[in-house]
Amino acid sequence: MIRMSTQENGKTKNLVLDVSRVYNGATAEIPFDFSFKPEDEEGNDLLFPEDVRVCGSIFEKAAGTGVTESYVGLEMSIRGKYVTHCARCAKELTKTFDINASYGVTKDTAEDLEDYVEAPGGMLDVTESARTLFYLELPSRTLCKEDCLGLCPMCGKDLNTGECSCKPEISTNHLSDLKKLLDKHDEK
């Protein structure tokens, strides 16, 4: 089992594994276990109180014979938690995630294959593969509950805790103001 910290001398270090050993039959499996600190992205309402943990293995799915190389697979699990706010009512939430993925490993970089990760020269950057999957799987928005009512647009009261005293404006034609503007523009 290869265990590592992504921090070395204060700098982030990627886990790069030599998968050619699996291709040529020298070993049937390379297990790994590491963690990384997600980068804070501007405009993203997700905070990560702890490192994200990644574990899995690179393994021989089908043995090669003679000059034929083995078919190699990658399985990994990415686990952790994040803190965010409900997209409707702004309530703070702590959510956990468990992302599981399985890919084939290819040494060829000629085609963009969806179910494969590339290992050019037989070297696979497992950290980069995990980061890519992690950021693709993050939610674009999170709700505290599926039927969250959100906040009143007039007074800001959380409508999940009860009704507010605001009187909603009733409009029979929501696009009437836009039509007036277009009509005014056509007159010119």
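The values are calculated or read from the model by the stated rules, or taken from the named source; none is laboratory data. This structure is a prediction, so every number in the text was calculated from the model and none was measured. As a convention, Cβ positions derive from the backbone with ideal geometry for all residues, glycine included, and neighbour counts pool all protein chains shown.
Against the condition in contact with a Ser or Thr (Cβ under 7 Å, 6 or more places away or on another chain) and modelled with pLDDT of 95 or more, how does GLY56 come out, does it pass?
Details: in contact with a Ser or Thr (Cβ under 7 Å, 6 or more places away or on another chain): yes; modelled with pLDDT of 95 or more: yes.
Considered against the rule, which asks whether it is in contact with a Ser or Thr (Cβ under 7 Å, 6 or more places away or on another chain) and modelled with pLDDT of 95 or more, GLY56 comes out as yes.
Can you name the residue in segment 95-136 that is of a type in the set (D, E, K, R) and within 14 Å of VAL54 (Cα to Cα) and is also farthest from the chain's Cα centre (by Cα) among such residues?
So the residue we want is ASP125.
Would you check which residues across segment 123-145 are surrounded by 17 or more Cβ atoms within 10 Å (Cβ to Cβ), of a type outside the set (A, V, I, L, M) and assigned to a helix (DSSP H, G or I) and list them?
Within segment 123-145, THR127, SER129, ARG131, PHE134 meet the criteria.
Quick check on my filter: what residues within segment 146-159 are touching a helix residue (DSSP H, G or I) at 6+ places or on another chain (Cβ under 8 Å) and either under 22 Å from VAL54 (Cβ atoms) or assigned to a loop (DSSP other than H, G, I, E, B) (or both)?
Hits for segment 146-159 are CYS148, LEU149, GLY150, CYS152.
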